[in-house]
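Notes follow the structure.
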């Protein structure tokens, strides 16, 4: 059912919802809150201090001063002072809300709730909502959902739409698909109860139960899908026995550097897999810049020297093009007589037709590209090796689609997501794992600092100085555009601010995931080419190209990201010969937040950071933004929910041991759900 069938949702609103990938009532039910607003007990004014800055607080107070009205010509400002039961005063300010004049009469009593700020050294309550004492008591302690938003959508509108969607959803209740004994063993709530209470929990306990069930459900279905795939793969014999070629060894010896011990170990494991009796399905996991690409090149060379084809699929056109230029450059420099071709969606029809011809005839030995590699028109001559760069949650289906282009080729996956090995074994359950946990010799470690927002002017000055020295910079914001209820920096407005704070000759551009592919490619290519000096971006650059000239990474609202994701972002700099720097900006002054971020100051080792992140987190950390970065589950987080991930993994193992094909009567509903889950994953890739 389309969301336009809901009351109050017209085509204009539906268009806004589409930017959140919400098209149907079912999609809307699956749009989980990103946070909850809990209406707390009103505070006494003397309990507040500057540590509460940017925190939402409620104060039960009486208007103690006649309202002052200022009209700047651009905005209308209302200002007054309220006093609590102890007679302590607090200034309140409203912007562009002149209609409040009649309500804010001296002597009137309300509960004022808004964000606390510091203005000229004094505390101030900005833009507070006002409630009668009885009205506030009715909502006190209730968890109100805060949804992810986009321009044109308010939290109020989304909340109202979700309530309607749940009513529609509940008229045809979804059949419970997790067998009863599993729900009893793991104390899991019923599915439909959980769906309602993840949006509108009656109590904190209802929320905890709902989240536990839905988190288990996400992990359970995902693990069943990848384990089923692994069970099928493990039964497949190796149709392509690819032995090591002396020409590959000669190439390796000619390189101006030696492989690290970790690279050598990974390469030996890959060579052994490719000539064994069993098909290779292997993950190479290593930090950004640890040298995974050269391992992929060696595997492609061995494959091509045996007369077979190898394919390398990257997530973006710019990255695919960079891989192509790297590989063809190496082949040309070292006299390697192999033909590599590039296949992307932005090529002209004539260019793609020519490349398709070379792929089908076998003239192309190595094919590098994006999702274009798995389109119908790409017919391979003898595909023996498939490499996917930057594993994502649904990479299992990308690999499957590309594998079906050949006769069960070897699979190699490269990932820069630093996940503790204990979790990686579960999350990448269909793959054997190689870890590259050493950095190449001579790489200068990135210098890091954690600062508050008052440091920005110094940071801007530092960025300008780096650009004067010929370097480039990234600035990362968590949001694309301004959003109601989210006190976070956004890319579009931040780029404007940065332009006004940097010298006029410095070229600043912004980049985000909602842009069209051609526009994103153009911006990244201009940044790579040096025409753009500062790139303001969302985490879309997390999976990005190698820009050796970029020496500064500044991350706003860094407390809103997981440490693993922050480390990946930091890995975008420090790729060249110049000293690089990462500035983590945080407005959160809590000690716990500071301690977490300071882990990044102690080490540049992504695996150590991931382990420390895992130790710091507990079951109380699950309110708010998820932290796993590109392992993008709807609700679950592999770090916060690591115990649940392990429980779902154990449970999936038991189920498949008893019923490998999920054919039994008690698993019939589960089998249907796993199939539906897999199809949904494929549809997200437009396959």
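Each reported figure results from applying straightforward, stated rules to the coordinates on display, with no laboratory input. This one's a predicted model, so the numbers in the text were calculated from it and none came from an experiment. Because the Cβ atoms are built from the backbone with ideal geometry, glycine has one as well, and the counts that use them run over all protein chains shown.
Note on residue 137 and residue 250: the model spin-label points, each 7 Å out from Cα along the C-beta direction, lie 8.9 nm apart. Please determine, in degrees from 0 to 90 and to the nearest 10, the orientation of helix 261-274 with respect to the longest principal axis defined by the Cα atoms of the chain, where the helix direction is its Cα long axis. On a 0 to 90 degree scale, this one is about 60. For the pair residue 519 and residue 354, the difference between a 0.36 nm per residue extended length and the Cα-Cα distance amounts to 56.9 nm. Helical runs (DSSP H, four residues minimum) scored at -39500 (n - 2.57) apiece and divided by the length of the chain put the mean residue ellipticity at 222 nm at -12000 deg cm²/dmol. Simple spin-label estimate for residue 492 and residue 455 gives 2.9 nm between the two label positions (7 Å along the Cα-to-Cβ direction from each Cα).
Here r is the Cβ-Cβ distance between residue 469 and residue 264 and R0 is 35 Å; the resulting FRET efficiency, rounded to 0.05, is 0.45.
Express in nm, to one decimal, how much length is gained between residue 332 and residue 425 on full extension, taking 0.36 nm for each residue of separation and deducting their alpha carbon distance.
On the way: separation 93, 0.36 × 93 = 33.48 nm, distance 3.83 nm.
Additional length available on full extension: 29.7 nm.
Maximal additional length on extending the residue 650-residue 666 stretch stands at 3.9 nm, based on 0.36 nm per residue less the C-alpha distance.
Among 415, 671, 243, a tally of other beta-carbon atoms within 10 Å of each Cβ gives an order, fewest to most, of 243, 671, 415. Taking the average, over residues, of other Cβ atoms within 10 Å as the packing measure, peptides 593-601, 249-257 rank 593-601, 249-257 from highest down.
When every alpha-carbon pair in the chain is counted, what percent end up more than 41 Å apart? When every Cα pair of the chain is considered, 35 percent fall beyond 41 Å.
How would 27, 657, 84 line up from fewest to most surrounding beta-carbon atoms within 10 angstrom? Mind dumping the intermediate values first?
Details: 27 16, 657 8, 84 20.
Exposure proxy ranking, most exposed first: 657, 27, 84.
Within the chain, antiparallel bridges make up roughly 40 percent of the DSSP beta bridges whose residues both belong there. Each of 226, 387 has some number of other Cβ atoms within 10 Å of its Cβ, and from fewest to most they run 226, 387.
Cβ neighbours within 10 Å, averaged per peptide: list 49-57, 558-566, 156-164 in order, most packed at the top.
On the way: 49-57: 14.8, 558-566: 24.1, 156-164: 18.1.
Top to bottom by mean Cβ count within 10 Å: 558-566, 156-164, 49-57.
Could you give the angle, 0 to 90 degrees to the nearest 10, between helix 155-171's Cα long axis and the longest principal axis of the Cα atoms of the chain? Approximately 70 degrees, to the nearest 10. Relative to the longest principal axis of the Cα atoms of the chain, the long axis of helix 642-658 makes an angle of roughly 50 degrees.
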